[in-house]
Amino acid sequence: MAEAVATKWETVIGLEVHAQLNTRSKMYCACAVVNTTELEQANTSVCPVCLGHPGTLPRPNRQAVIKALTLGEKLGCRINTVNVFARKNYFYPDLPKGYQISQYELPVCEGGRLPYWHDEQALEAGIVRAHLEEDTAKLFHLADGTAALDYNRGGVGLIEIVSEPDFRSAEQCVSYLEELRNLLIKLGISDAAMESGNFRCEPNVSVRPLGSTELRTKTEIKNLNSFQKLRNAVDAEVQRQIAIYEQGGSIHQATMRYDEGKACTVEMRRKETADDYRYFEDPDIPPLTITQALKDEASTLVTSSWFELRRLMVMEDGITHEAAQTIASDPVLHRFYRNCTLDGHKAREVANWVTGDFVRLLREGPLNTEPGELSMILKLMQDGKLTRPQAREVFEEVYRSGHSTAKVMDRKDFGDSSGFDLEAACREVIARNSKIVDDILGGKDSAINALLGQVMRASRGAANPAETTAMIRKILKLDG
């Protein structure tokens with residue numbers, strides 16, 4: 001019944017993402033950045049500025065500004081030459097000052113778009129703004145019913161990325177977040193580790209009748225720090241809103257939280273508007289002018305678009321999206337892949353090697369070879385001078401030792417099977433395996449693979465699998 005009802009409605013979601021910035025000190029002071037998970041280590045990295053003591057003066061962190069500009073350039077945002085820092089006033093224990101230093105009317109970045117992949121389709125989401133602000137303290141709810149606060153992360157620089165309401169499902173949100181997270185990590189902007197709390201998202205959810213273009217009243221779900229929690233929370237809120245509309249009710253703009261135990265969203269408070277926060281320009285921080293020198297410094301951190309790399313590999317090379325994502329995410333993998341394909345090797349064959357044996361070896365130890373060696377191994381396979389098992393063995397030793405392919409092949413006596421008598425080897429294996437032969441003659445054709453494997457081992461991988469299979473079939477008179 002729920003599915004039938006849901007098909008009458010379309011989900012509309014916008015995302016607010018908070019990512020802690022990789023800086024050595026906090027946003028507005030020289031206090032070191034320390035994020036802790038144990039209460040015993042709480043409040044070991046605080047100072048009068050981040051605690052908001054009277055008479056202290058905050059000062060924007062230059063590193064944080066550079067990282068925000070880097071993201072803005074990557075997303076194609078409009079960079080505001082003049083930035084204004086504002087006080088966002090609300091009273092909660094995790095804000096020692098009673099306000100949060102943020103940006104409102106003139107953020108560092110506005111506009112822009114982020115392309116992302118979802119279900120093998122290239123989509124994109126609009127960016128409303130990306131602005132700088134400070135993080136709040138971490139609240140611990142203790143077993144005895146009391147609470148404690150850790151101000152170590154209070155004042156740590158955040159960048160908040162606000163999207164347009166361009167998502168139509170929780171799964172689209174996850175695909176976008178994975179792309180954004182990858183971008184932040186690769187540019188060195190943020191560790192973006194959800195499990196550590198330094199990459200959090202808040203979806204704004206509404207529903208409307210299918211075919212409608214109206215943007216209805218939305219609710220915001222606070223502080224979701226895992227993709228699974230995001231899926232569950234959005235699905236629960238969508239069902240809640242649909243049920244209310246189906247019963248003739250209306251949705252109030254509210255801030256919600258997701259109750260995992262009850263698998264439902266719960267209203268925390270009616271949603272505040274900008275007027276409720278009483279934004280005003282922070283009198284302690286003068287307007288920040290973004291100079292060309294700052295923009296140039298940020299530009300040097302922007303690398304090639306891995307979204308574009310993936311698009312080209314999928315659309316032009318014909319490899320799978322999963323393989324393209326793996327290859328584009330690592331410069332070493334991409335260098336080997338691109339060099340081998342430029343040498344004329346088939347993209348899918350190269351992708352299989354790079355995402356299989358190469359990834360495994362990279363995890364085990366340092367790289368000691370160059371793309372030309374892998375290209376040579378693939379050429380030797382193509383010419384029939386190496387079987388696949390031999391090629392894998394050669395590549396593994398070349399990778400670890402740094403020796404040339406020719407030297408490794410010579411040491412292993414690969415590439416020369418002239419001294420191997422294929423027919424004699426097949427007859428010997430057949431004579432030793434009467435049970436398997438009976439199965440083959442009885443119609444179990446797949447049992448030939450058991451004999452093939454033994455011949456391949458006897459030849460140390462030198463025998464050609466197709467020729468070996470043909471020889472076995474000839475000896476057993478299966479084709480006559």
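The values are calculated or read from the model by the stated rules, or taken from the named source; none is laboratory data. This is a predicted model, so every value here is computed, not measured. Cβ atoms come from the backbone with ideal geometry, glycine included; neighbour counts cover every protein chain shown.
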Exercise for the section: Using the structure shown, decide if Ser45 is at pLDDT 95 or above and either in a strand (DSSP E or B) or surrounded by 15 or more Cβ atoms within 10 Å (Cβ to Cβ) (or both). Expected result: no
Handout entry: Selection from region 197-225 of residues that are under 22 Å from Glu260 (Cβ atoms) and exposed (fewer than 14 other Cβ atoms within 10 Å of the Cβ)
Key = Asn223
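Checking the conditions here, which among Val359, Val266 is in contact (Cβ under 8 Å) with a residue 24 or more places away in the chain and either within 22 Å of the chain's Cα centre (by Cα) or more than 30 Å from Leu57 (Cα to Cα) (or both)?
Just a single option satisfies the conditions, and that option is Val359.
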Practice task
Would you check if there is a residue in region 275-284 being part of a strand (DSSP E or B) and more than 24 Å from Pro58 (Cβ to Cβ)?
Solution key: no
Fill in the blank from the handout: Okay, helices (runs of 4 or more DSSP H) sitting entirely in region 307-413 with 1 or more residues that are closer than 30 Å to Leu114 by Cα, I get 321-328, 331-342, 347-353, 359-364
Exercise for the section: Pull up region 443-458, narrow it to residues that are under 44 Å from the mean Cα position of the chain (by Cα) and of a type in the set (Gly, Ala, Ser), then point me to the one that is nearest to Arg388 (Cα to Cα). Expected result: Gly453
Practice task
Quick one: which strands (runs of 3 or more DSSP E) lie wholly within region 79-187 and hold at least 3 residues that are among the small types (Gly, Ala, Ser)?
Solution key: 121-134
Completion exercise
Within region 376-390, the residues that are in contact with an Asp or Glu (Cβ under 9 Å, 6 or more places away or on another chain) and either free of Cβ contacts under 8 Å to residues at least 24 places away in the same chain or under 21 Å from Leu312 (Cα atoms) (or both) are Met381
Fill in the blank from the handout: Filter region 84-120 for residues that are of a type in the set (A, V, I, L, M, F, W, C) and over 24 Å from the mean Cα position of the chain (by Cα); the one that is surrounded by the fewest Cβ atoms within 10 Å (Cβ to Cβ) is Phe91
Handout entry: Pairs where the first residue, in region 313-335, is without any contact (Cβ under 8 Å) to a residue 60 or more places away in the chain and the second is surrounded by 20 or more Cβ atoms within 10 Å (Cβ to Cβ) and in a loop (DSSP other than H, G, I, E, B), C-beta under 7 Å, 6+ apart
Key = Met313/Ile319
Practice task
Could you tell me whether region 389-397 includes any residue that is modelled with pLDDT of 85 or more, surrounded by fewer than 17 Cβ atoms within 10 Å (Cβ to Cβ) and closer than 18 Å to Asp343 by Cα?
Solution key: no
Handout entry: Unmet requirement for Thr70, which otherwise passes all of (1) among the hydroxyl-bearing types (Ser, Thr, Tyr); (2) surrounded by fewer than 17 Cβ atoms within 10 Å (Cβ to Cβ); (3) in a helix (DSSP H, G or I)
Key = (2)
Handout entry: Qualifying residue in region 282-294 (condition: under 22 Å from Lys88 (Cβ atoms), acidic (Asp, Glu), surrounded by 11 or more Cβ atoms within 10 Å (Cβ to Cβ) and in contact with a Pro (Cβ under 7 Å, 6 or more places away or on another chain))
Key = yes
Fill in the blank from the handout: Here the qualifying pairs (Cβ atoms under 8 Å; residues six or more apart or on different chains; first in region 197-223 and farther than 14 Å from Asp235 by Cα; second surrounded by 13 or more Cβ atoms within 10 Å (Cβ to Cβ) and of a type in the set (Phe, Trp, Tyr)) come out as Arg208/Trp9; Pro209/Trp9; Leu210/Trp9
Handout entry: Top-ranked residue in region 362-388 [being more than 27 Å from the chain's Cα centre (by Cα) and among the basic types (Lys, Arg); ranked as modelled with the highest pLDDT]
Key = Lys379
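Please enumerate the residues belonging to region 121-156 that are of a type in the set (Gly, Ala, Ser) and modelled with pLDDT of 95 or more. I'd like the intermediate steps shown before the answer.
Filtering region 121-156 for residues of a type in the set (Gly, Ala, Ser) gives 122, 125-126, 130, 137, 143, 145, 147-148, 154-155.
Correct list: Ala125, Gly126, Ala130.
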